[in-house]
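The values are calculated or read from the model by the stated rules, or taken from the named source; none is laboratory data. Since we're looking at a predicted model, the values are computed, not measured. Every residue, glycine as well, gets a Cβ built from its backbone with ideal geometry; the counts of neighbours run over all protein chains shown.
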Amino acid sequence: MTPEQIHQKLQDKFGDAILEFGAEALDPFIKIEASHVLEICTFLKNDSGLSFTSLMCLSGMDYGEDANLGVIYNLHSMEKKHKITLTVELPRTEARVHSVESVWRTADWHEREAFDLFGIHFEGHPDLRRILCVEDWEGYPLRKDYVVQEFYHGMRVPYKEDWEDYETLAKNPERGHFVFQFESKVPDLVESMKNGKSAKNKSEDKSNG
Amino acid sequence: MFGNLFKKKRYIFEDESTMVVDLDQSAGRYYEETMSKLEIESYQGDEMVVNMGPQHPSTHGVLRLELVLDGEVVKKVTPHIGYLHRNFEKHAESISYNEVVPYCDRIDYLASMNQDLAYVLAVEKLIGLNELPEKVEYARVITCELNRIASHLVAVGTFGLDVGAFTPFLWAFRDREKILDLLEWLSGARMLYNYIWVGGLARDLPEGWLQKVREFLDYFEPKMVEFNKLLTTNHIFIERTAEIGVMTPEVAVSYGCTGPVLRGSGVKWDLRKDEPFSYYDKFDFDVPVGEGKFGPVGSVLDRYLVRIDEMAESVKIIRQALDGIEPFTAQDVQAAIPKRLRPAAGAEAYVRSETPRGELGFLIRSDGSDVPFRVKSRSPCFSNICMIDDISRGGMIADLVLIIGSLDIVLGCIDR
Amino acid sequence: MVSYFGNIYRALSTIAIGMGQTWKAMFRPAVTLQYPRERWELPVNARGILFMNADDCIGCNKCVRICPVDCIYLDAVKAAPDEDLGKASMGNPIRQHVIRFDIDMFKCCYCSDCTTVCPTECLYMTDEYENGVYSRDNGIYHFSKYSPEEAVALRLREKEEDERKAREKEAKLAAKQKAAEGKGKSAVGA
């Protein structure tokens, strides 16, 4: 079946729930209303003409910092050898959609992943926990407005080279080349060079004093 | 090639039929049924919760399984993953399209070429690059199939190790070493190649490389016969593996299992055949499926045999590709590499290809800039390990080790 | 009873086949190498530790941009107008002092992308692969030919130069503005 026929079939059956049909896209997609996901997916799987037996991929999507979230279902039929993409858009603040775990078991972990990384809640999922991140992680990493948490159980999270820190650098003057990341400190270093003292001695003096 | 080895030594279980766990029903989902079939009432005592992994030699990486055990029988398995999580997808959103390729290598480090090819195919679809020099396509097929053999050798070797056979493991690695040498000569690295680029290859084929591949194939085929004599046709091995971890085709399809795991259940589904990418439609090869020669279809042994047969098919494909590339050896492999990679804004494509572990798909969305807007990788191991609870219920804890081995997981691929 | 002995026979025979294979393998030459004493030959293009030939670097920053893991740190200072730094061995004119070229080999992912974009081919991968060190600091390789003191001096010089230019520009702008204001005033006055 061509994507047009699939769209026509869905249009006849569900009417208003079908919002958009992108026939010219690289992967033809059908945009549906979030509240009808379960019905449409059940129909797609069980209808003898369509029989989408497998869910290739379920991915969360963030359309931008101010835009909606989305879920993309890439469906495929092993018998009929046709494909279609379903997309759903969800409001950013209240991202809820019904789970399709009961239709395709593949969706089980993929939905957990989308929940973990995007914060999309799948209603009716039997076991909606974080899957890749630890359970008490804050925030949803793949959202575009994600800011990484500062500390996790007392451990510093954002990655920082120790030698990017000037204090560490001062203790190891042989790494002098790195100084140029710290523009403001350059005159300091030059001064210490003029005085015939390395930065190391200086720091020792400080600690002694 | 290897099929006739079995004919003489066919061996069917006759007398121990009571021990045959007939797991028709969704492959042993129902613990009570299995227990009654095992003719064991119940073990005296309480349930145990045992933590297996993440540092366990037979979980093939940092996979943690939370087992609920009754004696030695597994009642429930809860996999916990994420110990190797690097969030490749977030990384990919901050680097340009070409720079993602080295990261793709690290998704599944045992089959880097195939990972690269999957990603590169997706980007090529995004930018509408369909025509590539013949040499590039043939070289991609050759390298990918070589890597498939290398990956399957690790799979069958470590599976032998899980059963308790040490020699096959070393023999498999000896042959894999030859492939790694070939690919090192080609790309400079032994495992993480970064060789397949968008629109071409990183380097030209070295002089005499194709001849060396041919020599390797001539060397490899007798070695596989030896390997089969050592492990595949061993009665003790067959008896150990033929009836455990049975997965029915319905379960496999529903859980989205792909690759040898799906084919082991008797479903003839191979993207190289059913949805040919690159030049796979030009080659003549078979798709081996699990036949249940020694027990129910979809057992641990079937998955193993599919891998063994697939290696022979890969050898076939490489031979044809080596013949096919001959007239085009003078072509420039970097001729079609685009100067600037900027797919149209809003373009989105899901492209999948067959890696040794199954279907690897990349969903890429572009916003018209140099960096991808979103890259989602649908990794085969992620879906394959998902159903471990279903097929290991009712089995012994020692069988669980074999089941994990037969699924051939790579934790880098699961956690990404 | 028959099946019992049949089982024993099958087990023994199958072990015998396997043992036969291993027995044959005993008379083959060993494939293992005694590693620290014996080495295998690496191919021409083997990817090992990165090396930069400081005489040829023109500070074009291409390697920094392509690096997927951002392990190359490059700082360059513009040459003074009357300074001639010569040419790289491939003929590219050098217009910058590369005062810092550091590679964090612990971050490097050995993808070899940086060597392919290098226009002067001064950055390449050697066949050294043993870079285990006792301290994490020693994994950072310095390739610049300038000492820290020289580098600081060059950097300060550039800074002064920039400041001077900025001052000049400001002065020019101020003069222009003044002129414009004067014109405007005169226009209003008229």
I'm checking my understanding of the structure. Among residues of the range C:72-85 that are buried (at least 20 other Cβ atoms within 10 Å of the Cβ) and more than 9 Å from every other protein chain (Cβ to nearest Cβ), which one is nearest to C:Glu161 (Cα to Cα)? C:Val77
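Every residue, every condition in (1) without any contact (Cβ under 8 Å) to a residue 24 or more places away in the chain; (2) within 22 Å of the chain's Cα centre (by Cα); (3) loosely packed, with under 15 Cβ neighbours inside 10 Å, yes or no:
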| residue | (1), (2), (3) |
| --- | --- |
| B:Val198 | no, no, no |
| B:Asp204 | no, no, no |
| B:Glu207 | yes, no, yes |
| B:Gln211 | yes, no, yes |
| B:Arg214 | no, no, yes |
| B:Glu226 | no, no, no |
| B:Lys229 | no, no, no |
| B:His235 | no, no, no |
| B:Ile238 | no, yes, no |
Of the conditions (1) farther than 30 Å from C:Ile8 by Cα; (2) among the small types (Gly, Ala, Ser); (3) more than 11 Å from every other protein chain (Cβ to nearest Cβ), B:Gly256 fails just one. Which one is it? (3)
Checking C:Ala79, C:Ala88, C:Ala25, C:Ala46 in turn, the sole residue that is modelled with pLDDT of 80 or more, of a type outside the set (Phe, Trp, Tyr) and farther than 30 Å from B:Tyr103 by Cβ turns out to be C:Ala25
Could you list, in sequence order, the residues of the range B:259-289 that are under 25 Å from B:Phe220 (Cβ atoms) and under 15 Å from the mean Cα position of the chain (by Cα)? B:Gly259, B:Pro260, B:Val261, B:Arg263, B:Gly264, B:Asp270, B:Leu271, B:Arg272, B:Val287, B:Pro288, B:Val289
Any residue at all in the range A:54-74 that is free of Cβ contacts under 8 Å to residues at least 60 places away in the same chain and farther than 28 Å from A:Arg143 by Cα? no
Residue set A:Gly15, A:Gly64; condition modelled with pLDDT under 85, part of a loop (DSSP other than H, G, I, E, B) and surrounded by fewer than 17 Cβ atoms within 10 Å (Cβ to Cβ); output residue A:Gly64
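Yes/no matrix, rows are residues, columns are (1) outside any strand (DSSP E or B); (2) at pLDDT 80 or above:
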| site | (1), (2) |
| --- | --- |
| C:Lys107 | yes, yes |
| C:Asn131 | yes, no |
| C:Asn138 | yes, no |
| C:Tyr141 | no, no |
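Here's the yes/no breakdown for (1) in contact with an Asp or Glu (Cβ under 8 Å, 6 or more places away or on another chain); (2) assigned to a loop (DSSP other than H, G, I, E, B); (3) of a type in the set (S, T, N, Q):
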{"site": "B:Lys273", "(1), (2), (3)": "no, no, no"}
{"site": "B:Asp286", "(1), (2), (3)": "yes, yes, no"}
{"site": "B:Gly292", "(1), (2), (3)": "yes, yes, no"}
{"site": "B:Asp302", "(1), (2), (3)": "yes, no, no"}
{"site": "B:Arg319", "(1), (2), (3)": "no, no, no"}
{"site": "B:Glu326", "(1), (2), (3)": "no, no, no"}
Quick one: A:Glu24 ticks every box in (1) more than 20 Å from the chain's Cα centre (by Cα); (2) farther than 22 Å from B:Pro372 by Cβ; (3) not in a helix (DSSP H, G or I) except a single one, so which number is it? (2)
Scanning the range C:1-38 for residues that are assigned to a loop (DSSP other than H, G, I, E, B) and either within 8 Å of chain B (Cβ to nearest Cβ) or surrounded by 11 or more Cβ atoms within 10 Å (Cβ to Cβ) (or both) gives C:Val31
Residues to consider are B:Arg352, B:Arg378, B:Arg374, B:Arg340; find the one that is farther than 21 Å from B:Ser265 by Cβ and within 10 Å of chain A (Cβ to nearest Cβ). B:Arg374
Tell me, please, whether a residue that is of a type in the set (D, E, K, R), over 25 Å from B:Leu186 (Cα atoms) and not assigned by TED's automatic domain parsing to the domain that holds C:Val117 can be found in the range C:52-61. no
Selection within the range B:323-367 - over 25 Å from B:Ile107 (Cβ atoms) and either among the acidic types (Asp, Glu) or at pLDDT 90 or above (or both): B:Asp323, B:Glu326, B:Asp332
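Residues in the range B:164-193 that are in contact (Cβ under 8 Å) with a residue 60 or more places away in the chain, more than 8 Å from every other protein chain (Cβ to nearest Cβ) and assigned to a loop (DSSP other than H, G, I, E, B): how many?
Of the residues in that region, 3 qualify.
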Could you please give the count of residues in the range A:85-136 that are outside any loop (DSSP other than H, G, I, E, B), touching a helix residue (DSSP H, G or I) at 6+ places or on another chain (Cβ under 7 Å), facing another protein chain (nearest Cβ under 10 Å) and not hydrophobic (A, V, I, L, M, F, W, C)? 1
Free of Cβ contacts under 8 Å to residues at least 40 places away in the same chain and assigned by TED's automatic domain parsing to the domain that holds A:His121: is that true of A:Thr85 in this structure? no
Tally the residues that are out of contact with any Phe, Trp or Tyr (no Cβ under 7 Å at 6 or more places or on another chain), within 12 Å of another protein chain (Cβ to nearest Cβ) and over 18 Å from A:Thr42 (Cβ atoms), restricting the search to the range A:66-81. 3
Filter the range A:122-142 for residues that are closer than 14 Å to A:Leu58 by Cβ and surrounded by fewer than 21 Cβ atoms within 10 Å (Cβ to Cβ) and give the result. A:His125, A:Leu128
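Rundown of residues vs (1) free of Cβ contacts under 8 Å to residues at least 40 places away in the same chain; (2) surrounded by fewer than 19 Cβ atoms within 10 Å (Cβ to Cβ); (3) among the charged types (D, E, K, R), yes/no style:
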| site | (1), (2), (3) |
| --- | --- |
| B:Phe88 | no, no, no |
| B:Ser96 | no, yes, no |
| B:Asp105 | no, no, yes |
| B:Met113 | no, no, no |
Matching helices (runs of 4 or more DSSP H) fully within the range B:72-144 where at least 2 residues are modelled with pLDDT under 85 and either away from chain C (no Cβ under 14 Å) or under 18 Å from the mean Cα position of the chain (by Cα) (or both): none
Scanning for something assigned to a helix (DSSP H, G or I) and surrounded by fewer than 18 Cβ atoms within 10 Å (Cβ to Cβ), does the range B:258-267 turn up at least one residue? no
Matching option when the condition is in contact with a Gly (Cβ under 8 Å, 6 or more places away or on another chain) and more than 16 Å from A:Met78 (Cα to Cα), among B:Asp218, B:Asp302, B:Asp323, B:Asp284: B:Asp302
Return a yes/no flag: does the range C:86-105 have any residue that is more than 13 Å from every other protein chain (Cβ to nearest Cβ), part of a loop (DSSP other than H, G, I, E, B) and among the charged types (D, E, K, R). yes
